Amino acid sequence: MMDQAGGVADADALADAVIARAEGRPRFVVALAGAPGSGKSTLSDALQRALEERGAAAVIVPMDGFHLDNAVIGPRGLLARKGSPLTFDAAGYHALLRRIRDRPDEAVAVPVFDRGLDLARAGARIVEPGHRIVITEGNYLLLDEAPWSDLAGLFDLTVMVFADADLLRRRLIDRWLGHGHDAEAAEHRAMQNDIPNAELVLARSRTADLMVHG
């Protein structure tokens, strides 16, 4: 499915494509989707820098800001699956993107997930009226099932950040090692939750407009 997307070499090439497509638009929303560990956040940061180097003000709105709190997912028995589709406020994310898209003249506060605290911080970033380009990134932006499929009309350009399964596995295990887990625990966490989420994204995401290898 994703092989049908047009390829883009890097953040600079993607920035050029965004600027060309956003010409004359008061607000332009770029969606970067991909499996956990694919490199979405890294590409988002690089794209923001590349856009600003070209004189285009951009801001990042991460889907991760809509993680449900542990106090909510714990009683639902979902703590071990944190990061799976059921552990996000998809409707809240949709409503925020709609407001950002439809009201480009307003300043809008957005939540940002704090990995150190393992929770989302409300109002941690502001989308200003001058931010003509909004980069939003997350695992499930192109997931072809409700409620995620309802997001499609809010994106002006969709990009799939692709990494093969072996690379994802290595990165995800390394991520848990970096959080202080031993090798066995890191592999367990990756294989029990992150890898199934990655497989879902790879199998069930709609074709993006463009693809970048992460």
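Taken over the range 107-148, residues that are touching a Lys or Arg at 6+ places or on another chain (Cβ under 7 Å), farther than 16 Å from S41 by Cα and assigned to a strand (DSSP E or B) amount to 3.
Condition test on A46, is it out of contact with any Ser or Thr (no Cβ under 9 Å at 6 or more places or on another chain), over 20 Å from G138 (Cβ atoms) and outside any strand (DSSP E or B)?
no
Return yes or no: is G37 touching a Pro at 6+ places or on another chain (Cβ under 6 Å) and either at pLDDT below 95 or part of a helix (DSSP H, G or I) (or both)? So G37 fails the test.
Answer with yes or no whether I195 is over 17 Å from the mean Cα position of the chain (by Cα), at pLDDT 80 or above and surrounded by 13 or more Cβ atoms within 10 Å (Cβ to Cβ). Outline the logic, then answer.
Details: over 17 Å from the mean Cα position of the chain (by Cα): no; at pLDDT 80 or above: yes; surrounded by 13 or more Cβ atoms within 10 Å (Cβ to Cβ): yes.
Considered against the rule, which asks whether it is over 17 Å from the mean Cα position of the chain (by Cα), at pLDDT 80 or above and surrounded by 13 or more Cβ atoms within 10 Å (Cβ to Cβ), I195 comes out as no.
Is it fair to say V61 is more than 23 Å from L167 (Cα to Cα) and within 13 Å of the chain's Cα centre (by Cα)? Taking the combined requirement at face value, the residue satisfies it.
Does R171 satisfy being in a strand (DSSP E or B), surrounded by 12 or more Cβ atoms within 10 Å (Cβ to Cβ), in contact (Cβ under 8 Å) with a residue 60 or more places away in the chain and of a type in the set (D, E, K, R)? No; evaluated as a whole, the condition is false for this residue. Of the numbered criteria (1) closer than 25 Å to A15 by Cα; (2) not in a helix (DSSP H, G or I), the one R99 fails is (2). The residue that is nearest to R132 (Cα to Cα), counting only those in the range 150-166 that are touching a residue at least 12 places away in the same chain (Cβ under 8 Å) and in a helix (DSSP H, G or I), is L154.
Determine, yes or no, whether P104 is in contact with a His (Cβ under 9 Å, 6 or more places away or on another chain), surrounded by 16 or more Cβ atoms within 10 Å (Cβ to Cβ), touching a residue at least 40 places away in the same chain (Cβ under 8 Å) and in a loop (DSSP other than H, G, I, E, B). It is true that P104 is in contact with a His (Cβ under 9 Å, 6 or more places away or on another chain), surrounded by 16 or more Cβ atoms within 10 Å (Cβ to Cβ), touching a residue at least 40 places away in the same chain (Cβ under 8 Å) and in a loop (DSSP other than H, G, I, E, B). Looking at (1) of a type outside the set (S, T, Y); (2) modelled with pLDDT of 95 or more; (3) closer than 26 Å to E187 by Cα; (4) surrounded by fewer than 20 Cβ atoms within 10 Å (Cβ to Cβ), which is the only condition R81 fails? So R81 meets the others, but not (2). The set of residues in the range 140-192 being of a type in the set (D, E) and either farther than 25 Å from D209 by Cβ or at pLDDT 85 or above (or both) consists of D144, E145, D150, D156, D166, D174, D182, E184, E187.
Does T207 meet the test of being within 18 Å of the chain's Cα centre (by Cα), of a type outside the set (A, V, I, L, M), assigned to a strand (DSSP E or B) and more than 13 Å from G37 (Cβ to Cβ)?
Spelling it out, it is not the case that T207 is within 18 Å of the chain's Cα centre (by Cα), of a type outside the set (A, V, I, L, M), assigned to a strand (DSSP E or B) and more than 13 Å from G37 (Cβ to Cβ).
The residues of the range 49-85 that are assigned to a helix (DSSP H, G or I), more than 18 Å from D10 (Cα to Cα) and not β-branched (V, I, T), listed by number, are M63, D64, G65, F66, N70, A71, L79, A80, R81, P85.
The values are calculated or read from the model by the stated rules, or taken from the named source; none is laboratory data. Being a predicted model, the structure only gives us computed values, none of them experimental. Note that each Cβ is placed from the backbone with ideal geometry, even for glycine, and that neighbours are counted across all protein chains shown.
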